[in-house]
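These notes are about the structure you will find just below.
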Amino acid sequence: MSMNRLTSIVLLTVTFGALSSCGGQQLSPWHTERLNEEFVAGDEDVQSFADYLATEERVFAELQDEVYSQVPTGSEYGLVRYSSGSMADPQGYDTNWNRTFEFSSKNPRGGVLLLHGMSDSPYSLHTIGETLAEQGYWVVGLRAPGHGTAPSGLKYVKPEDLIAATRLAMAHLSEAVGEQPVHIIGYSTGASLALGFALDAAEGVASPMPASLVLVSPAIRVSAAASLASFKRGASSVPGLSGMAWLSVMPEFDPYKYNSFATNAADVVHQLTRGVDRRIAARSDNDPPLPPILALKSTVDATVTTAAIVDNLLSLLTPKRHELVLFDINRYAAKASLLTENPAPLTDRLLGDESLPFALTVITNRDNQTRDVVARRKEAYSGDAMDHELPGLAWPNDVFSLSHVALPFAPDNPLYGSEPPAGDATLHLGDIPLRGERDMNRISGEWLLRMRYNPFYDVLESRVLGWFEEAN
């Protein structure tokens, strides 16, 4: 075991043990302090993307004054994100990917806006952003309001704040690249924002119309239980019920993602996805077509079902313009009797469905006797799937599926990847082998077991690059 992994495990154990003694719902400064410098829609002082970045500078300075200054330092806080100098403190990294980033180009072939998900940060899409910049694209990784700072930001953010920030970034990219096309990559809730922007552009209330959309683990038709978040959020204002402002309160040890999740955040996701869902369903053949959409999704996804992507999005759009890429379960390792729900029959049915108006690619085992994978692809309105070889790619022996959060992270990602970087003493959360008695750790077994990287990331990246080439 490498020294940095051993250090991470020891610090995790010490930190979680210390925090567990304080009670399951103890709130810390990062839960309670409101950052008043955060951008809100309608702010008359923010008329441009440059203004937005200036606001972002102020909110990070406020974060330092209102949160970091209240958090002690020392070994027992070695994995507390808001303890200055800890392993989880993003300010100690070469780049703080919680902030909006921009990769410019002298002669851009196009622009790309990256929109992360709820509770995430620009870090989630920085790898694909760097690759696109190398290919000559002008790239903006937008930090959504309420994100990248403290979980308390999720208590106050509104859908219109996210929409307004997206419009500012798109206007900036359009000006930067001139007549060149502008694309959007949206991850999880960022996908709903991307779709909402495209719908607004089709209605003439936003510009430019994106040349294409790439939706990674798109939040489409989320669980109906999310509709209860609005009621619970309102109840949190009643004396004695303040805890209802949070769906979960966890230690904050991830430098680029909140572990705690505010009730309001679930309500915002519900509003955004419900709005997009209704608008897609209400479109007619006379409406301007939406740009080509590439959706990439794990067949096993605790947030969004494959049926939602098929029935409530791609099947309702202009035929022969869109594609769904599904990352299947590991059919070599996953025994149906051990799965709570086996998506294999649905995947097989989609591959044989001649009525689908979009192309389908499934990354799956060549057969059930091998971990090697192929890309099984069929065109729109076809039931004939062809296998395309993916040399050197195979399922890891101990992995039965991907997850909602895994797709945009490569196996060599230093934070979430399969192994910590050699000689790197930074935090690694991709595989934490914590063992002990049940109910002793504030981090659930589900969190520890969830897949956090994509063994087939190269397939995702290659398809995105090809998609942009085709759209151009």
*What do you reckon, is PHE49 under 25 Å from the mean Cα position of the chain (by Cα), surrounded by 17 or more Cβ atoms within 10 Å (Cβ to Cβ), modelled with pLDDT of 95 or more and over 19 Å from GLY153 (Cβ atoms)?*
yes
*Does ASP161 fit the bill of being closer than 17 Å to TYR52 by Cα and in contact (Cβ under 8 Å) with a residue 60 or more places away in the chain?*
yes
*Looking at (1) part of a loop (DSSP other than H, G, I, E, B); (2) polar (S, T, N, Q); (3) closer than 21 Å to GLU62 by Cβ, find the lone condition where GLN91 falls short.*
(1)
*asked:* If ASP301 satisfies all but one of (1) within 18 Å of the chain's Cα centre (by Cα); (2) assigned to a helix (DSSP H, G or I); (3) charged (D, E, K, R), what's the number of the condition it fails?
replied: (2)
*Tally time: how many residues in segment 395-428 are surrounded by fewer than 17 Cβ atoms within 10 Å (Cβ to Cβ) and more than 22 Å from GLU130 (Cβ to Cβ)?*
4
*Working only within segment 171-187, note down all residues that are under 24 Å from GLU44 (Cβ atoms) and either polar (S, T, N, Q) or buried (at least 24 other Cβ atoms within 10 Å of the Cβ) (or both).*
LEU173, SER174
*Look at GLU437 and say whether it is of a type outside the set (Phe, Trp, Tyr), at pLDDT 95 or above and more than 23 Å from ASN330 (Cβ to Cβ).*
no
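Yes/no per residue for (1) within 18 Å of the chain's Cα centre (by Cα); (2) part of a loop (DSSP other than H, G, I, E, B):
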{"residue": "VAL139", "(1), (2)": "yes, no"}
{"residue": "HIS147", "(1), (2)": "yes, yes"}
{"residue": "SER152", "(1), (2)": "no, no"}
{"residue": "GLU160", "(1), (2)": "no, no"}
{"residue": "ILE163", "(1), (2)": "yes, no"}
{"residue": "LEU173", "(1), (2)": "no, no"}
{"residue": "ALA176", "(1), (2)": "no, no"}
{"residue": "GLN180", "(1), (2)": "no, yes"}
{"residue": "ILE185", "(1), (2)": "yes, no"}
*Could you tell me whether segment 64-82 includes any residue that is without any contact (Cβ under 8 Å) to a residue 60 or more places away in the chain, over 16 Å from SER152 (Cβ atoms) and in a strand (DSSP E or B)?*
no
_Scope segment 304-334; condition of a type in the set (D, E, K, R) and not in a helix (DSSP H, G or I); matching residues_ = LYS320, ARG321, GLU323, ASP328, ARG331
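Regarding LEU290, is this residue in contact with a strand residue (DSSP E or B) (Cβ under 8 Å, 6 or more places away or on another chain) and under 20 Å from MET451 (Cα atoms)?
Numbers: in contact with a strand residue (DSSP E or B) (Cβ under 8 Å, 6 or more places away or on another chain): yes; under 20 Å from MET451 (Cα atoms): no.
In short, no.
Which of the residues spanning segment 335-378 are in a loop (DSSP other than H, G, I, E, B) and over 25 Å from the mean Cα position of the chain (by Cα)? Explain how you work it out, then say what you get.
Keep residues of segment 335-378 that are in a loop (DSSP other than H, G, I, E, B), which gives 335, 339-343, 353-358, 366-371.
Result: LYS335, ASP353, GLU354, SER355, LEU356, PRO357, ARG366, ASP367, ASN368, GLN369, THR370, ARG371.
Residue-by-condition table, conditions (1) in a helix (DSSP H, G or I); (2) under 16 Å from ALA266 (Cβ atoms); (3) at pLDDT 95 or above:
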residue	(1), (2), (3)
VAL205	no, no, yes
PRO210	no, no, yes
ALA226	yes, yes, no
PHE231	yes, yes, no
GLY234	yes, yes, no
SER237	no, no, no
MET244	yes, yes, no
LEU247	no, yes, no
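The values are calculated or read from the model by the stated rules, or taken from the named source; none is laboratory data. From a predicted model like this one, the values you see are computed outputs, not experimental measurements. No Cβ is skipped: glycine too gets one built from the backbone with ideal geometry, and neighbour counts run over all protein chains shown.
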